[in-house]
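No value in this document is a laboratory result; all are computed from the given coordinates. Note that this is a predicted model, so its numbers are computed, not measured. In this analysis, Cβ positions are derived from the backbone assuming ideal geometry, glycine residues included, and neighbour counts consider all displayed protein chains.
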Amino acid sequence: MMGATLLCGQISILLMAAGSARGSGIFFKKHTSASYLLGLRLTGFALLGLSLMLQLHGSQTPIIDVITWLGLLSVEMLLAALLCTTLNAKKTPPRRK
């Protein structure tokens with residue numbers, strides 16, 4: 001279950017990043033509509049809830065599992081931020097002084 005939890009969590013974080021105003025400029029070339037971005041964010045939140053439910057499924061110690069899930073979520077956010085930074089750096093040319 002841990003692999004499915006990680007996969008759902010990472011995809012949800014990336015969907016929420018792509019659904020933000022700044023993230024949509026990084027992930028998409030064209031301007032996207034507000035309803036499409038809202039759909040991406042809502043799908044990301046739904047997958048995030050699924051990730052938590054998968055983590056808690058069949059759990060003997062739910063408190064420990066929630067703490068573990070929060071720790072994994074922070075690592076997933078860090079990876080998504082690094083990915084967005086890398087994509088943004090490749091997209092824009094470096095500034096000259």
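Among 31, 57, rank each residue by its count of other Cβ atoms within 10 Å, from fewest to most, as a rough exposure measure.
By the 10 Å Cβ count, ascending, the order reads 31, 57.
Would you work out the charge dipole size for region 2-91 about its Cα centre, treating the Cβ of every Lys and Arg as +1 and the Cβ of every Asp and Glu as -1, and quote it to the nearest 20 debye?
560 debye
Among 11, 21, 63, whose Cα sits farthest toward the positive end of the charge dipole of the chain (+1 at Cβ of Lys/Arg, -1 at Cβ of Asp/Glu, about the Cα centre)?
Most positive-ward Cα: 21.
Before anything else, pin down the relative contact order of region 2-91: Cα pairs under 8 Å, at least 6 apart, normalised by residue count, whole percent.
Values: 86 pairs, mean separation 34.5, N = 90.
Relative contact order for region 2-91 comes out at 38 percent.
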